[in-house]
1. Could you say which residue among Thr90, Thr133 is of a type in the set (S, T, N, Q) and surrounded by fewer than 23 Cβ atoms within 10 Å (Cβ to Cβ)?
2. Just the residues that are surrounded by fewer than 24 Cβ atoms within 10 Å (Cβ to Cβ) and more than 10 Å from the ligand (Cβ to nearest atom), please, taken from segment 145-156.
3. Can you name the helices (runs of 4 or more DSSP H) wholly within segment 53-167 that have at least 3 residues being in contact with a helix residue (DSSP H, G or I) (Cβ under 7 Å, 6 or more places away or on another chain), of a type in the set (A, V, I, L, M) and touching a residue at least 40 places away in the same chain (Cβ under 8 Å)?
4. Within segment 177-192, count every residue that is part of a loop (DSSP other than H, G, I, E, B) and surrounded by 10 or more Cβ atoms within 10 Å (Cβ to Cβ).
Amino acid sequence: MFLDRDGTVIRHVPYLVDPADVALVDGAGESIAALQRAGYACVIVTNQSAIGRGMLTEAGLAGVHRVMDEQLATHGVTLDGLYHSPHAPTQKDHAVIEHHDRKPGPGMLQRAAAELGLDIGRSWMVGDSLKDTHAGRNATVRGTVLVLTGEGGEVDRMDRSIDHVADDLPAAVAFILHADGHDDALPPAARWTEESESR
Ligand SMILES: [Mg+2]
C-alpha cells in the first residue's frame, strides 16, 4: 500500500516544517493498522519540495517524521517504508514528470518495491492529489484512490488517473480491503458497502 503523507495520513499543512504541526487524519492510524493486520506492507511516499526550496533540511524532515512515527505507534503501527523526494518543481502540471522520484514520477514506488520486495501490480496508491494518482498509474499499480481530505476536494475527480474516490483514508482502506477480499480485517461497521459510497 503506497500512501501519500500530507492530506492523506496526516493533516494538510502547506510546507509542513514544524513537528508540532503533525496530526494524523482521523482514523488514519486505525486504518493503517487494519491494512497491516491484513498483510499489506504500508509505505509512505511523499514529495517534500520544502527541502528543495530551502525551507527544510533533511534533519528537520527527520524530526517531523519522528513525531508522525510516534503518533502512528500509538495505534500499533510501524511503517514498512517511508520515502521522500526533496526535489522542487518548476511548473504546476500534476501530470508532468520533472524528476523520476518526484510524484507524478514513479521512482519512489519503484524503489520501495525493489527494496521491500513488493509486487507493484498488486499494490495500491492512495493520495489527495493528482500527483499521487498519476504516480500510481505511472508505476502501474493495481488501483489508485483519491481521498477528499487535504487538497483532494479541489481535484478534478474525472481525471483518468483516478480509479476510485473516497472521503478519507479510512474510507479508502475499507474500499481496498473489500476489493481485495479482506473485509474481515475491519469491524463490520467499518466495512465498505454500496451505501457507504461517496460517488
Ligand atoms: Mg498530499
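1. On the way: Thr133 fails: surrounded by fewer than 23 Cβ atoms within 10 Å (Cβ to Cβ).
Result of the check over Thr90, Thr133: Thr90.
2. Within segment 145-156, Leu148, Gly153, Glu154, Val155, Asp156 meet the criteria.
3. On the way: elements: 58-73, 107-116, 130-139.
Correct list: 58-73.
4. Initially, segment 177-192 is screened for residues part of a loop (DSSP other than H, G, I, E, B), giving 180-182, 186-187, 191-192.
After this cut, where a residue has to be surrounded by 10 or more Cβ atoms within 10 Å (Cβ to Cβ) as well, the list is 180, 182, 186, 191-192.
Residues flagged as part of a loop (DSSP other than H, G, I, E, B) and surrounded by 10 or more Cβ atoms within 10 Å (Cβ to Cβ) within segment 177-192 amount to 5.
Each row is one residue, and each column tells you yes or no for (1) surrounded by fewer than 17 Cβ atoms within 10 Å (Cβ to Cβ); (2) at pLDDT below 95; (3) more than 16 Å from the ligand (Cβ to nearest atom); (4) of a type in the set (A, V, I, L, M).
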site: Tyr15; (1), (2), (3), (4): yes, yes, no, no
site: Leu35; (1), (2), (3), (4): no, no, yes, yes
site: Ala41; (1), (2), (3), (4): no, no, yes, yes
site: Ala59; (1), (2), (3), (4): yes, no, yes, yes
site: Asp80; (1), (2), (3), (4): no, no, yes, no
site: His94; (1), (2), (3), (4): no, yes, no, no
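The values are calculated or read from the model by the stated rules, or taken from the named source; none is laboratory data. Computed from a predicted structure; not experimentally measured. Cβ atoms come from the backbone with ideal geometry, glycine included; neighbour counts cover every protein chain shown.
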